[in-house]
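Read through the structure below, which is laid out as structure tokens, and then see the notes.
FYI, it's all coordinate maths here, none of it is from the lab. These numbers were taken from a predicted model, which means no experiment stands behind them. Please note: Cβ atoms are built from the backbone with ideal geometry, for glycine as well, and neighbour counts cover all protein chains shown.
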Number of protein chains: 2
Amino acid sequence: MTSKSFHPPVRTLMGPGPSDVNPRILEAMSRPTIGHLDPAFVGLMDEMKGLLRYAFQTDHELTMPVSAPGSAGMETCFVNLVEPGDKVVVCQNGVFGGRMKENVERCGATAVMVEDEWGKAVDTNKVDEALRANPDAKVLAFVHAETSTGALSDAKTLAEIAHRHDCLVIADCVTSLGGSPIMTSEWGLDAVYSGTQKCLSCTPGLSPVTFSERAVEAIKQRSSTVQSWFMDLNLVLGYWGGGAKRAYHHTAPVNALYGLHEALVVLEEEGIENAWQRHTDNHMALRAGIEAMGLSFVVDEADRLPQLNAVSIPEGVDDAAVRGRLLNEYNLEIGAGLGPMAGKIWRIGLMGYASNRTNVLLCLGALDAVLSGMGAPIKSGVAVEAAMQAYA
Amino acid sequence: MTSKSFHPPVRTLMGPGPSDVNPRILEAMSRPTIGHLDPAFVGLMDEMKGLLRYAFQTDHELTMPVSAPGSAGMETCFVNLVEPGDKVVVCQNGVFGGRMKENVERCGATAVMVEDEWGKAVDTNKVDEALRANPDAKVLAFVHAETSTGALSDAKTLAEIAHRHDCLVIADCVTSLGGSPIMTSEWGLDAVYSGTQKCLSCTPGLSPVTFSERAVEAIKQRSSTVQSWFMDLNLVLGYWGGGAKRAYHHTAPVNALYGLHEALVVLEEEGIENAWQRHTDNHMALRAGIEAMGLSFVVDEADRLPQLNAVSIPEGVDDAAVRGRLLNEYNLEIGAGLGPMAGKIWRIGLMGYASNRTNVLLCLGALDAVLSGMGAPIKSGVAVEAAMQAYA
């Protein structure tokens with residue numbers, strides 16, 4: 001007998017996710033497990049679908065959480081909507097567009113890439129050109145909120161363009177759900193996937209998805225079987241599809257779903273517009289402090305995500321050393337850059353429950369202390385005050 | 001604002017899973033979330049791999065939990081080991097063999113079925129014949145513990161036969177892990193998947209898997225890309241594969257993994273042989289009570305799973321009415337039959353934390369009261385006493 005119970009350190013999570021989890025949600029997850037076919041659980045599932053529709057701002061009937069992380073939600077969208085031989089226009093302006101390409105190709109389809117510089121929004125003109133050049137494209141796929149760079153793209157315009165070219169729209173809203181407006185129905189997004197561990201303040205492990213009637217029709221009209229048994233919506237819907245009689249598909253992650261339900265109740269209590277505004281307000285305060293220090297943002301002002309702040313690392317500053325000191329001395333996690341941005345940017349999350357004044361001030365004070373302590377070229381002692389003024 | 005926090009009823013879970021969750025595990029899951037790349041979390045992952053090796057009785061390096069339910073663990077085994085054009089011999093003696101067939105076919109491979117009656121163990125002679133008749137078969141797949149019927153098959157002999165025919169072995173051990181002996185290395189099981197919500201007493205949502213060196217070699221030698229991005233072990237291993245430098249693949253379900261770790265610590269504290277014995281002891285007591293009532297088991301004595309007791313429903317008894325009364329009046333969940341066994345059997349789980357004397361006595365007392373109250377042809381008033389004598 002050598003192993004002991006694990007007691008994690010208490011961190012402040014201001015990276016790209018998971019973000020700080022609301023204690024109400026942790027408590028909800030620890031409630032007694034019941035069966036996945038228990039009438040009480042079936043009632044919870046129905047209520048959750050309604051709450052997810054509110055979060056996605058849609059009335060799509062097919063709205064539910066996939067029983068696995070956001071990457072599986074992404075794959076659920078692709079394997080159900082894309083068939084071998086299809087053509088998909090994929091926008092890439094960060095890590096997750098590349099992952100979409102992988103998904104398309106593993107479906108036996110062709111990905112036509114529209115590439116933009118990392119840190120920029122997707123260029124809608126280039127997308128229009130790509131769709132003109134590929135009239136046989138069936139799907140346009142893009143990332144609404146690029147977690148790897150902090151750039152927000154214009155989902156509404158992208159969806160308009162796609163529909164003009166008779167394409168379905170798959171949108172990655174992992175980082176935007178609950179933090180920035182997603183008007184799924186108004187914008188005509190046909191398949192949207194997200195995660196629970198970002199602006200919903202829930203633990204990681206589930207992926208909310210929503211599909212339009214048009215998308216459901218496309219799934220029904222498939223000529224080939226969905227390559228994944230676990231993610232085949234034709235089967236999953238026997239369980240999640242509603243009605244008193246639920247067919248067993250897989251055993252639902254009961255307690256994780258308690259947590260997501262509580263997260264959605266919290267969102268409904270706050271009001272989604274208020275949640276969006278809170279994310280903006282805290283971003284503006286963080287921004288005031290970051291800029292007062294003399295640091296700069298990676299993304300153009302118009303395209304910045306309030307919940308994911310990508311900040312350029314000053315010349316000569318040791319990325320890993322800074323993040324290590326923040327973690328070890330302040331119990332504060334901020335995110336590293338990915339791919340070509342590794343070592344060049346920090347990703348400071350202000351997501352969901354973590355988007356609050358205490359976190360903004362803690363982060364600014366800690367960054368100021370660590371950077372000035374390491375002799376970095378910043379203006380010290382002004383960041384916290386600048387943030388407080390922004391709140392005033 | 002219309003939704004409220006969900007407070008589940010407190011049930012006793014004696015169905016086919018989820019089973020009662022140890023309160024220690026619920027508490028562990030409610031601990032503060034930390035990042036999936038936090039050094040403290042990476043330490044937890046390493047320890048968990050060791051604990052899973054103990055549970056699987058193996059030293060396989062590639063032993064880890066898939067971040068999704070058991071069905072995704074099954075799919076992880078098939079999509080990584082089976083390529084288009086391969087031939088797989090699949091044993092079916094219940095629901096889950098049929099699911100294996102679905103997985104094989106969705107990989108573009110051919111399933112050669114070896115069918116046995118539901119409720120019987122897999123016939124090893126028929127498997128030997130099938131492998132003789134199909135010398136080009138690459139994999140033998142079978143269910144060790146059929147959750148749909150309560151039958152245990154002889155995994156050791158099946159693996160021996162498979163290896164004689166130069167086949168890899170995929171074994172479904174969802175219901176056996178922690179409840180019945182699985183000697184992964186000794187028996188030569190090449191790919192094993194399980195679930196957390198049965199004899200590990202954890203919440204549902206994760207799927208422990210383990211792969212032999214031979215299986216890992218087969219994955220490395222693949223000529224085609226794994227069709228699932230989320231389940232591609234070549235990618236997943238960048239995160240779970242060990243070493244201080246973990247590459248981001250997907251965001252791990254951090255709190256669910258706290259729960260699984262705690263479940264494995266509990267198993268190590270008890271000792272796995274003691275856990276197996278406890279499952280047998282409680283089964284024997286339940287059996288004494290069931291038989292004293294005049295009810296009978298579906299599975300032959302030699303092949304009965306102690307953790308899943310399939311009991312024939314007496315002629316003329318209304319299945320749904322009995323289960324409904326047990327749930328509503330006793331907060332006791334037992335399982336229904338699936339497929340051809342619907343309405344004909346009950347599945348009484350004694351899994352993990354739920355395998356205890358209190359549950360055995362509660363279940364017998366409740367069944368006795370409900371059945372005799374409905375005028376069912378049972379011998380009333382003797383079951384609890386018979387179980388107590390079995391414990392004596």
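Some notes on this structure:
- Taking Lys and Arg as +1 and Asp and Glu as -1, the other residues whose beta-carbon sits under 14 Å from that of A:A390 total 0.
- Semi-axis lengths (Å, descending) of the ellipsoid that matches the C-alpha gyration tensor of the range A:51-200: 21, 17, 15
- Remark: B:T124, A:T203 ranked as B:T124, A:T203, counting other beta-carbon atoms within 10 Å and listing the fewest first.
- With 5 Å bins beginning at zero, the pair-distance distribution over Cα atoms of the range B:271-391 amounts to 2, 12, 22, 27, 22, 11, 4, 1, 0 %.
- Excluding exposed DSSP-loop GluC sites (Glu not before Pro) (at most 14 other C-beta within 10 Å), longest clean stretch of chain B: B:118-314
- In terms of surrounding Cβ atoms within a 10 Å radius of their Cβ, A:I290, B:I170 rank from fewest to most as A:I290, B:I170.
- Farthest toward positive dipole pole in the range B:22-268 [+1 Lys/Arg, -1 Asp/Glu at C-beta], among B:V174, B:V139, B:F41: B:F41
- Each copy carries B:S185; placing its label point 7 Å along the C-beta direction from Cα gives inter-copy distances of 5.8 nm, listed from smallest up.
- Anisotropy class of chain A from Cα gyration tensor, a/c 1.5 cut: oblate
- Ignoring lysines fewer than eight residues from B:K126 along the same chain, the ones with Cα atoms less than 16 angstrom from its Cα are B:K156.
- Amide proton proximity set for A:M113, modelled H, under 5 Å, gap of 5+: A:V90
- For chain B, the share of DSSP beta bridges that are antiparallel, to the nearest 5, is 50%.
- Of the Cα atoms belonging to the range A:37-112, the radius of gyration and Dmax stand at 15.6, 46 Å.
- For the range B:22-268, relative contact order (Cα pairs under 8 Å, six or more residues apart, normalised by length) works out to 28 percent.
- Cα gyration tensor, the range A:1-62 - rounded (a/c under 1.5), prolate or oblate: oblate
- Computed log10 I(q)/I(0) for the protein assembly as shown at 0.09, 0.11 Å⁻¹: -0.83, -1.20, from the Debye equation with unit scatterers placed on every C-alpha and solvent omitted.
- From the alpha carbon centroid of the range A:247-301 to that of the range B:373-391 is 55 Å.
- Beta-bridge orientation, the protein assembly as shown: approximately 50 percent antiparallel, per DSSP, counting only bridges with both partners inside.
- Exposure proxy ranking, count of Cβ atoms within 10 Å, fewest first, for A:D86, A:D46, A:D38: A:D46, A:D86, A:D38
- Size of electric dipole in the range A:271-391: Cβ of Lys, Arg +1 and of Asp, Glu -1, about Cα centre, debye, nearest 20: 160
- Shape of the range B:159-276, Cα gyration tensor, a/c cut at 1.5: oblate
- For B:A336, the residues whose modelled amide H falls within less than 5 Å of its own, excluding neighbours fewer than 5 places apart on the same chain, are B:R347.
- Taken about its Cα centre, chain B carries a charge dipole of roughly 800 debye when the Cβ of each Lys and Arg holds +1 and the Cβ of each Asp and Glu holds -1.
- A point 7 Å from Cα along Cα→Cβ stands in for B:R222, and the other copies hold the same point at 1.8 nm, listed in rising order.
- Put a plus charge on the Cβ of each Lys and Arg, a minus charge on the Cβ of each Asp and Glu, and nothing anywhere else: the dipole of the protein assembly as shown about its Cα centre is then about 520 debye.
- Gap separating the Cα centres of the range A:59-126 and the range B:153-201, nearest whole Å: 36
- Value of [θ]222 nm, deg cm²/dmol, for chain B, DSSP H segments ≥ 4, -39500 (n - 2.57) each, nearest 500: -13000 deg cm²/dmol
- P(r), alpha carbons of the range A:70-143 - 5 Å bins starting at zero, rounded %: 4, 18, 30, 24, 18, 7, 0
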